[in-house]
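Engineer: Please find one structure pasted underneath; my questions will follow.
FYI, it's all coordinate maths here, none of it is from the lab. Computed from a predicted structure; not experimentally measured. Note that each Cβ is placed from the backbone with ideal geometry, even for glycine, and that neighbours are counted across all protein chains shown.
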Amino acid sequence: MIRVAAVGDIHMGPDSPGLLRPAFDTLPDCADLLLLAGDLTRHGTPEEARVVADEVRGLAVPVVAVLGNHDHHDEQPEKVTGILREAGVTVLEGDGTVVDCAGTRVGIAGTKGFGGGFVGRCAGEFGEPLMKEFVRYTRRSADSLRGALEDLGRRGCDVRVALTHFSPVPDTLAGEPLEIYPFLGSYLLAEAIDTAGADLAVHGHAHAGTEHGMTAGGVRVRNVAQPVIRRAFNVYQLQTEQVPAAG
């Protein structure tokens, strides 16, 4: 059994130091790793990133993150990423990482993702160059997520988790205005997850959404935006296959 703690949309700023650290210090008692599903800062400034870094620096469990749209606002995502990595956080964008949890290989594939909408009500690669690029950006994100999940499968991971900021399914957006669904996620992310396979998909972004959802292929999806889960993190349990001992 692997215990995955996850939270997104913590939106830390200059007035946030120490806000989550007491809860994060309890992680070894209840979780094997911590996933951060983007929007870690308010405006994506290096100063805000340092607050986040101090909040997770030296934690007794591995920390894996993706950035969100807020973390891009100041147009310095590379600096934000660098500050988090210096604090020991594995920041993913179109790639994956393997975490060893007491002998179990947990693979996490991550990308921020992007919008575009869902089947029947989605944008297409047609018309003006800006609209085409909008959809192509999402498709590139989805393709990179699929590739990272497939690579983790080839590397023999026992369980695989897809970590994004934007949602792969409309289920977890329930509660948000329908008009903004295209800006909250894309079905292309779910297609990537179902094609490559995963045991869990985690995202944030939808503050007024719903926690539980599922892809068409049956992969559990969880919206861990802090305004949704209303706590420092939620913990999700993943079953691992037990290999009988020889003899």
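Engineer: Suppose we filter the stretch 154-168 for residues that are in contact with a helix residue (DSSP H, G or I) (Cβ under 7 Å, 6 or more places away or on another chain) and more than 13 Å from HIS203 (Cβ to Cβ); how many remain?
Structural biologist: Number of matching residues: 1.
Engineer: Collect the residues in the stretch 110-124 that are crowded, with 20+ Cβ neighbours inside 10 Å, in a loop (DSSP other than H, G, I, E, B) and hydrophobic (A, V, I, L, M, F, W, C), keeping them in residue-number order.
Structural biologist: PHE114
Engineer: Picking from ALA201, ALA208, which residue would you name as being without any contact (Cβ under 8 Å) to a residue 40 or more places away in the chain and either of a type in the set (A, V, I, L, M, F, W, C) or at negative phi (or both)?
Structural biologist: One residue alone meets the criteria, ALA208.
Engineer: Are there any pairs with C-beta distances below 6 angstrom linking a residue in the stretch 152-171 that is closer than 20 Å to GLU211 by Cβ to a residue that is of a type in the set (Phe, Trp, Tyr), with the two at least 6 apart or on different chains, and if so which?
Structural biologist: Pairs that qualify, where the first residue is closer than 20 Å to GLU211 by Cβ and the partner is of a type in the set (Phe, Trp, Tyr), are PHE166/PHE114; PRO170/PHE118.
Engineer: Another question, then. I need a count of the residues in the stretch 1-28 that are more than 26 Å from ASN69 (Cα to Cα) and among the hydrophobic types (A, V, I, L, M, F, W, C).
Structural biologist: Of all residues in the stretch 1-28, those more than 26 Å from ASN69 (Cα to Cα) come to 1-3, 22, 25-28.
Right, trim to among the hydrophobic types (A, V, I, L, M, F, W, C) and you get 1-2, 27.
Of the residues in that region, 3 qualify.
Engineer: Enumerate the helices (runs of 4 or more DSSP H) found wholly within the stretch 1-82, keeping only those where 2 or more residues are touching a helix residue (DSSP H, G or I) at 6+ places or on another chain (Cβ under 6 Å), within 28 Å of VAL98 (Cβ to Cβ) and of a type in the set (A, V, I, L, M, F, W, C).
Structural biologist: 46-56
Engineer: Just to be sure I understand, how many residues within the stretch 169-215 are in contact with a helix residue (DSSP H, G or I) (Cβ under 7 Å, 6 or more places away or on another chain), within 17 Å of GLY116 (Cβ to Cβ) and among the acidic types (Asp, Glu)?
Structural biologist: Residues flagged as in contact with a helix residue (DSSP H, G or I) (Cβ under 7 Å, 6 or more places away or on another chain), within 17 Å of GLY116 (Cβ to Cβ) and among the acidic types (Asp, Glu) within the stretch 169-215 amount to 1.
Engineer: Between a first residue in the stretch 15-38 that is crowded, with 21+ Cβ neighbours inside 10 Å and a second residue that is in a loop (DSSP other than H, G, I, E, B) and of a type in the set (D, E, K, R), which pairs have beta carbons less than 9 Å apart while being 6 or more apart in sequence or on different chains?
Structural biologist: These pairs meet every condition: ALA37/ASP9; GLY38/ASP9; GLY38/LYS112.
Engineer: Inspect all residues belonging to the stretch 172-190 and state whether any of them is surrounded by 17 or more Cβ atoms within 10 Å (Cβ to Cβ), among the charged types (D, E, K, R) and either without any contact (Cβ under 8 Å) to a residue 40 or more places away in the chain or under 23 Å from ASP9 (Cα atoms) (or both).
Structural biologist: Yes, because at least one residue in the stretch 172-190 is surrounded by 17 or more Cβ atoms within 10 Å (Cβ to Cβ), among the charged types (D, E, K, R) and either without any contact (Cβ under 8 Å) to a residue 40 or more places away in the chain or under 23 Å from ASP9 (Cα atoms) (or both).
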